[in-house]
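J.: Provided herewith is a single structure, encoded as structure tokens, for subsequent inquiry.
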Amino acid sequence: MEGTFREQLFFLVLCLSFLKGDTRYIEENDITPEGLFALLNSELKREIPETLIYRRPLRCLDMVAVEGQFTFTADRPQLSCASFFIAEPDQVISVEYDSVDIDCRGGDFIKVFDGWVMKGEKFPSSQDHALPLMERYVDYCDSGTVRRTVRSSQNVAMLFFRIHTAGSSFTLTVRKPINPFPCNIISQTPEGSFTMVIPQQHRNCSFSIIYPVEIKIAELSLGHLNDFPIKRSIPGCAGAGDFVELLGGNGMDPSKMFPVADLCYKFNGPAQMKIGCDNTVVRMVSSGRFVNRVAFQYRLLDRQELQRIKVNSVEDFCFTG
């Protein structure tokens, strides 16, 4: 009961803080990592027969973690609305407009963003995304019937919308196609395991866990033959061309987070580290010369662990141990 009440309370606070910001640009929201996943926990996952499609109304501030059809109907002007979409790590988000009845000329809009935005910070960062920032936005009012389906590059996407007239509405269908080589992932849970593989591609991939966690590296293969060094807070691996870094911070953008450790040599684990930040990221940088692979596990830190590493930490950001 305590957990349920806590989630409902976070959801209420989120709604109130979000609605107070109607005059601000909708990306500059006050959503916190803890509140964001209160939204995720409120989205009930259910098994639905393949012959049926899950349907429900879309809220002004919403989290969608299931496939289905979602309809928003304005009962009054709604000027600052956002929906977060999230799928499994090996899936992407597909948003298809089924019907749209809004006034684009009157200032209404519906925009899909390829990634997530929280407190003005974006995931994936511009350094880790294949598209320029402005091309990551797809505005229905600009594309209309030309592009009725928008597909994300990773397992998260967002919908921003503004509607001025009561009675205006839109309906969309969300699907989650499989992604054979996942890159740039936000975890739905505070505990789990993942293996990230970059198959000889020049790209950067981040796995983001929006919780304070313990990370345990089980395997690292970067095409190097040397033994494994771990360098705390020293960007000594950047010159290697292929490396993995552990990052910690309280925002969404990995490029604005603090380096906790660099890993740049072949390694068969385990090696572990506790990071007491709101967001922990495992980020792989690949030159494209090798098939790079990192396997890791993660678990949520409890309150006692957080307090212990906070007391013992000599770092000036978050807490590490």
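The values are calculated or read from the model by the stated rules, or taken from the named source; none is laboratory data. Quantities reported herein were computed from a predicted structural model and do not represent experimental measurements. Here the Cβ positions follow ideal geometry from the backbone for every residue, glycine too, while neighbour counts run over all protein chains shown. Areas reflect the complete protein model, heavy atoms only, side chains present, ligands, DNA and RNA absent. Shrake-Rupley method; radii C 1.70, N 1.55, O 1.52, S 1.80 Å.
J.: Could you count how many residues in region 164-196 are surrounded by fewer than 21 Cβ atoms within 10 Å (Cβ to Cβ) and closer than 18 Å to LYS216 by Cβ?
T.: Final tally of qualifying residues: 7.
Residue-by-condition table, conditions (1) modelled with pLDDT under 90; (2) open to solvent by 40 Å² or more (accessible area, probe 1.4 Å):
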site	(1), (2)
ASN226	yes, yes
CYS237	yes, no
GLY241	yes, no
VAL244	no, no
LYS256	no, yes
CYS264	yes, no
PHE296	no, no
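J.: May I ask you to list the residues in region 120-134 that are in contact (Cβ under 8 Å) with a residue 24 or more places away in the chain and not in a loop (DSSP other than H, G, I, E, B)?
T.: GLU121, LYS122, PHE123, SER126, GLN127, ASP128
J.: Kindly list the number of the only condition in (1) touching a Pro at 6+ places or on another chain (Cβ under 9 Å); (2) modelled with pLDDT under 95; (3) not assigned by the TED database to the domain that holds ALA74 that fails for SER206.
T.: (2)
J.: Name, by its number, the condition in (1) part of a strand (DSSP E or B); (2) out of contact with any Asp or Glu (no Cβ under 9 Å at 6 or more places or on another chain); (3) at pLDDT below 95 that does not hold for SER193.
T.: SER193 satisfies all of (1) part of a strand (DSSP E or B); (2) out of contact with any Asp or Glu (no Cβ under 9 Å at 6 or more places or on another chain); (3) at pLDDT below 95 except (3).
J.: Here is a follow-up. Can you tell me which residue among VAL138, VAL117 is open to solvent by less than 50 Å² (accessible area, probe 1.4 Å), closer than 20 Å to GLU96 by Cα and part of a strand (DSSP E or B)? Spell out how you get there, then give the answer.
T.: On the way: VAL117 fails: closer than 20 Å to GLU96 by Cα.
Going through VAL138, VAL117 in turn, the sole match is VAL138.
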